[in-house]
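Q: The structure under discussion is supplied below as structure tokens; questions concerning it will follow.
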Amino acid sequence: MGQNQSEPSPPADPRLPPGQRRQRGWPVLHYGPVPRFKPHSWDFQVFGATADAEKTRWDFAAFHALPKVTVRGDFHCVTKFSMLDNEWHGVAARTVLDLAPPDPSVTHVMVWAEYGYSANLSLVDFADPSTVFATHHDGQPLTVEHGFPVRLVVPRLYAWKGPKWVRAVEYMRADRRGFWEERGYHNRADPWQEQRYSYQEQDGDGPLR
């Protein structure tokens, strides 16, 4: 009798980073409770090393009156699911940089969300044209479970770099680890290099611990 031969593996999907699988639907994943939205007290702030050394603040109406963009981008979760070809609508991070410019010495930002959650990004990643403070996904307003009224979306990085329920951006002259980065996640979070955990970091990937 001939030897059994194993079935050939399906070809890798060129749209997916290493270790990822396509996901139908959008799972709800977050740390902690869903915050209660209070429109009269909600605001969005930019502070830290700003060009004029001043804080910029928009209330709910003013922020949602800012110019909007629509971008298409994939969503890669570190838990290994990916959603491809999403349509995100909201305020471009580039718009925030233009309206509240950073000091020339700024290299990184910290994005702050409800309950003190934070995520750090290089200024280059933050300023990328695909980075958006999203209010809508695929033509529909975000649900509160997915970050209403505003969540950051950074398609070029793992999704934990885009917090839900964003409230502020801090300009920084040096890198500093955010919430998950302090708990063992990779400081850079490039899905195409499968940068999931801090033990994978190379020299220059992040601040010293």
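The values are calculated or read from the model by the stated rules, or taken from the named source; none is laboratory data. Just so it is clear, the structure is predicted and the values come from calculations on it, not from any experiment. Please note: Cβ atoms are built from the backbone with ideal geometry, for glycine as well, and neighbour counts cover all protein chains shown.
Q: Restricting the search to the stretch 48-76, which residues are among the acidic types (Asp, Glu) and closer than 20 Å to LEU123 by Cβ?
A: Listed by number, the residues that qualify are ASP52, GLU54.
Q: Testing THR50 on (1) without any contact (Cβ under 8 Å) to a residue 24 or more places away in the chain; (2) farther than 19 Å from LYS161 by Cβ, one condition comes back false. Which one is that?
A: It fails just one condition, (1).
Q: Can you list residue pairs whose Cβ atoms sit under 6 Å apart, with the first residue in the stretch 62-75 being within 15 Å of ALA100 (Cβ to Cβ) and the second being of a type in the set (A, V, I, L, M, F, W, C)? Count only pairs 6 or more apart in sequence or on different chains.
A: So the pair list comes out as PHE63/PHE44; LEU66/VAL91.
Q: Let me ask something additional. Provide a single number: the residues in the stretch 57-81 that are of a type in the set (Ser, Thr, Tyr) and modelled with pLDDT of 95 or more.
A: So the count comes out to 1.
Q: I've got another one for you. Do you know which residues across the stretch 135-162 are on the phi > 0 side of the Ramachandran plot and of a type in the set (Gly, Ala, Ser)?
A: Answer for the stretch 135-162, where residues must be on the phi > 0 side of the Ramachandran plot and of a type in the set (Gly, Ala, Ser): GLY139, GLY147.
Q: Ok, one more. Just give me the residues in the stretch 130-141 being surrounded by 14 or more Cβ atoms within 10 Å (Cβ to Cβ) and either in contact with a Gly (Cβ under 7 Å, 6 or more places away or on another chain) or acidic (Asp, Glu) (or both), in sequence order.
A: SER130, VAL132, PHE133, ALA134, THR135, HIS136, listed by residue number.
Q: Answer with yes or no whether GLU145 is modelled with pLDDT under 95 and surrounded by fewer than 18 Cβ atoms within 10 Å (Cβ to Cβ).
A: Taking the combined requirement at face value, the residue satisfies it.
Q: So, one more: Looking only at residues in the stretch 82-118 that are over 28 Å from GLY19 (Cα atoms) and of a type in the set (Gly, Ala, Ser), which one is modelled with the lowest pLDDT?
A: GLY116
Q: Further question: For the stretch 95-129, give me each residue that is surrounded by fewer than 18 Cβ atoms within 10 Å (Cβ to Cβ) and touching a helix residue (DSSP H, G or I) at 6+ places or on another chain (Cβ under 9 Å).
A: If the condition is that a residue be surrounded by fewer than 18 Cβ atoms within 10 Å (Cβ to Cβ) and touching a helix residue (DSSP H, G or I) at 6+ places or on another chain (Cβ under 9 Å), then THR107, LEU123, ALA127, PRO129 are the ones that fit.
Q: State which residue pairs qualify: first residue under 30 Å from HIS137 (Cα atoms) and hydrophobic (A, V, I, L, M, F, W, C) and inside the stretch 1-28, second residue surrounded by 10 or more Cβ atoms within 10 Å (Cβ to Cβ) and modelled with pLDDT under 55 in any location, beta carbons under 6 Å apart, and separation of 6 or more residues or different chains.
A: Matching pairs, first to second residue: none at all.
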